[in-house]
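Structure record follows, encoded as structure tokens.
The values are calculated or read from the model by the stated rules, or taken from the named source; none is laboratory data. Quick caveat, the model's predicted, so the values are computed rather than measured. All Cβ positions, glycine included, derive from the backbone under ideal geometry; neighbour counts span all protein chains shown. With ligands, DNA and RNA removed, areas are computed over all heavy atoms of the protein, side chains included. Shrake-Rupley method; radii C 1.70, N 1.55, O 1.52, S 1.80 Å.
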Amino acid sequence: MEPVCIMEQYGISLPFLDKNCLDYKEGKRFHATIIKIGVKLGIYFANKLIIVYSKHSGIADARQLFDEMSDRNVISWTALIAAYAHQNNGQVALRHFEQMQREGVKPNHFTFSSVLSACREAQVGKQLHARAITHGFHSDVVVSNAVINAYVKCGEMRDAHKVLSHSHTNNVVSWTSIVAGYGKCGNIEVARRVFDQMPYRNVVSWNAMIAAYAQQDDGTEALSLFHQMRQSCPPMTFTFSTFATLLSVSARLPSLQQGKLLHAHILKCSLFQHKDVVLESSLVDMYAKCGSIEDARLIFEAMPEKNVVSWTAMIDGYGKHGQAKEALRLFEQMRYQQTSNWGIEPNDVTFLSVLSACSHAGLVDEGFHLFHCMNRYHNISPRPEHYASMVDLLARAGCLVEARALINKMPEEVKARAEVWGALLGACRYTANVQLANHVAQRLFLLKPQHTGTYIALSNVYAAAGMDTDAAKVIKVMKDRGIKMEPGCSWIEVGKDVHRFLVGDKFHPQTEQIHATWIKLEKQMKEAGYVSETNLTFNEMGEEHREPISCLHSEKLAITFGLISTPPGSSIRIFKNLRVCLDCHIATKIISKIVDREIIVRDVNRFHHFKNGLCSCGDFW
Ligand code: ZN
Ligand code: ZN
């Protein structure tokens, strides 16, 4: 009987075998039937089956079938090599590539591109490149692109670029790989130059260039490129990735308007008529990080489908805005969702967000409970960041002994991490524990000698203990050691413009009006009981508060400017690159009461919502 007929008796027909989308189970079933009825599988179908297995990570099955084949051709070898390459097993892929040639089978361009895709060593890449040329593939675009990609992955940008320049058959993929490669290694100027030289660009090329700017945290350039992309001819169709990258950069920009503008573009895009969970989660994150927790909540609640990233973004937002109880409520809801039969498993980032929410609100018991649950019930081993968050939580709440005990119990590799000690040092300020601060700072000086944060934190502990001379001495030592501080900078958005202020800034066009307003405001503040904090706080430039105007911290300038340039009663939003200092914190509380406005400040760690003389952080930040 003909083998085909036998197979048909078993319910397997030829069109079934020939279809390209066999899944792993179908493949296995077919294979088992073939063995059972004793039909020899021809090379054509055997190759197909190897491809099916390797596509679905069934490398052992692919291997077994390959070994059983009496007859193999270049497709069989390439399928097996591709399977190993797909698993990132470059060495085995390479070994098979060599063996194939020893057995007299000549590689084709797919064989080269497969073996190159697993290449992680520049030297191997060079050898394969040379071999491809000897085999006559020097003008084959598939091989050239694979060579470029291999060089890019090995960080050999010069070689990658050379291949592009010398090849006559490059296409948009080759160019885009070079742009993305330069972007990934931080060489943004060359990435841009190559991008500008591209004869033709597709959406992937634009996305690669935008991602390169995003990686450099250059949100302004990323957004300006997006506006160019909108005007390109023929018009580009945006992808989810375009907007996800842009939203992540705008979340870090000192502007809520930019994020809102992007949201408007997303809504206009026909591609987004159906909901996308990744994009919506990015929107939640952007709104929360740019200061509008309300917008974040509205989007989150309207999401038809939520994944762990969406939940984490919302929990993190509540935590950063000082709404720890909301963060915890949401966390519980996530785990025991009533509406569906299964909750969503939190990941390590979710725990980090909820722990930091507890820490910002001084919820010690809740934090401890979560820290234990994480390991015991969710099988997530704590990373140094989780430990640092726990140390921060304990130390802020004044439990320094417990914090030290926790550090003593930590694995050695965690103890060697600066963030754990940094958290302890930062919190010594609340109890003015000079002795412990000194001890911790010595360790930090060894771990991270150039880190300004250690000097500032130590100086702040001295200041909190009333030891002003020592506080000043620490900053002097830092300056003498040539360690430079990032100058304090605040931004405020008024209308379509973002105004930027440095400490004691005199360059703003309305500087005189700002200073005049400040003098009046300070008088009212003093009448309301404001005493300029005499303790030295060295958050900006390491300068003392001596001259009230020329050393005015940037957020005071930005707030004052906000008062004169926005309508009475409206909220004022400030973005700041460092932590708010004690004096500015006290001052902003009083200002919020005097002018009866909500003042929202995003500092480097979190949000402060100042209203009616109080701050949402409860003075822990
Ligand atoms: Zn300040
Ligand atoms: Zn605050």
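When T169 is tested against (1) surrounded by fewer than 17 Cβ atoms within 10 Å (Cβ to Cβ); (2) within 32 Å of the chain's Cα centre (by Cα); (3) not aromatic (F, W, Y), just one condition goes unmet, and that condition is (2).
Condition check ((1) of a type outside the set (V, I, T); (2) free of Cβ contacts under 8 Å to residues at least 60 places away in the same chain; (3) in the same structural domain as V401 (by TED's automatic domain parsing); (4) in contact with a strand residue (DSSP E or B) (Cβ under 7 Å, 6 or more places away or on another chain)) across all residues:
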| position | (1), (2), (3), (4) |
| --- | --- |
| M314 | yes, yes, no, no |
| G317 | yes, yes, no, no |
| Q323 | yes, no, no, no |
| E326 | yes, yes, no, no |
| Q333 | yes, yes, no, no |
| A357 | yes, yes, no, no |
| H360 | yes, no, no, no |
| V364 | no, yes, no, no |
| H372 | yes, yes, no, no |
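Looking across region 38-58, just one residue is in contact with a Phe, Trp or Tyr (Cβ under 7 Å, 6 or more places away or on another chain) and open to solvent by 30 Å² or more (accessible area, probe 1.4 Å), and that is H56. Listed by position, the helices (runs of 4 or more DSSP H) inside region 335-425 whose residues that are under 21 Å from the mean Cα position of the chain (by Cα) and at pLDDT 90 or above number at least 3 are 348-361, 384-396.
Here the condition is being within 21 Å of G58 (Cβ to Cβ), without any contact (Cβ under 8 Å) to a residue 40 or more places away in the chain, surrounded by fewer than 23 Cβ atoms within 10 Å (Cβ to Cβ) and out of contact with any His (no Cβ under 8 Å at 6 or more places or on another chain); of Q123, Q127, Q91, Q101, it holds for Q91 alone. Applying the criterion of being in a helix (DSSP H, G or I) and free of Cβ contacts under 8 Å to residues at least 24 places away in the same chain to the residues of region 65-88, the residue that is most open to solvent (accessible area, probe 1.4 Å) is E68. Would you be able to say whether some residue in region 194-217 is closer than 22 Å to A264 by Cα, out of contact with any Gly (no Cβ under 9 Å at 6 or more places or on another chain) and among the polar types (S, T, N, Q)? Yes; the residues of region 194-217 include at least one that is closer than 22 Å to A264 by Cα, out of contact with any Gly (no Cβ under 9 Å at 6 or more places or on another chain) and among the polar types (S, T, N, Q).
Filtering region 571-589 to residues that are within 13 Å of ligand 2 (Cβ to nearest atom), buried (at least 20 other Cβ atoms within 10 Å of the Cβ) and not charged (D, E, K, R) leaves I574, V580, C581, C584, H585, A587, T588.
Considering the conditions (1) crowded, with 23+ Cβ neighbours inside 10 Å; (2) in contact with a Cys (Cβ under 8 Å, 6 or more places away or on another chain), L400 is excluded by exactly one of them, (1).
Of everything in region 507-518 that's over 19 Å from P254 (Cα atoms) and touching a residue at least 24 places away in the same chain (Cβ under 8 Å), which residue is most open to solvent (accessible area, probe 1.4 Å)? Looking at the filtered set, the residue picked out is Q513. Only a single criterion out of (1) open to solvent by 60 Å² or more (accessible area, probe 1.4 Å); (2) more than 27 Å from R573 (Cα to Cα); (3) without any contact (Cβ under 8 Å) to a residue 12 or more places away in the chain is not satisfied by V349, namely (3). Of everything listed in (1) assigned to a loop (DSSP other than H, G, I, E, B); (2) crowded, with 21+ Cβ neighbours inside 10 Å, the single unmet condition for S592 is (1). If the condition is being within 20 Å of Q450 (Cα to Cα) and buried (at least 16 other Cβ atoms within 10 Å of the Cβ), then region 416-436 contributes R417, A418, E419, V420, W421, G422, A423, L424, L425, G426. Taking the criterion of being over 29 Å from the mean Cα position of the chain (by Cα) and exposed (fewer than 15 other Cβ atoms within 10 Å of the Cβ), the residues of region 439-478 that qualify are Q442, G466, T469, K473, K476, V477.
For region 549-570, the tally of residues that are of a type in the set (G, A, S) and either open to solvent by 30 Å² or more (accessible area, probe 1.4 Å) or within 15 Å of ligand 2 (Cβ to nearest atom) (or both) stands at 4. Selection of region 574-605 for residues being more than 24 Å from A251 (Cα to Cα), away from ligand 1 (no atom under 14 Å from the Cβ) and among the hydrophobic types (A, V, I, L, M, F, W, C) yields I594, V595.
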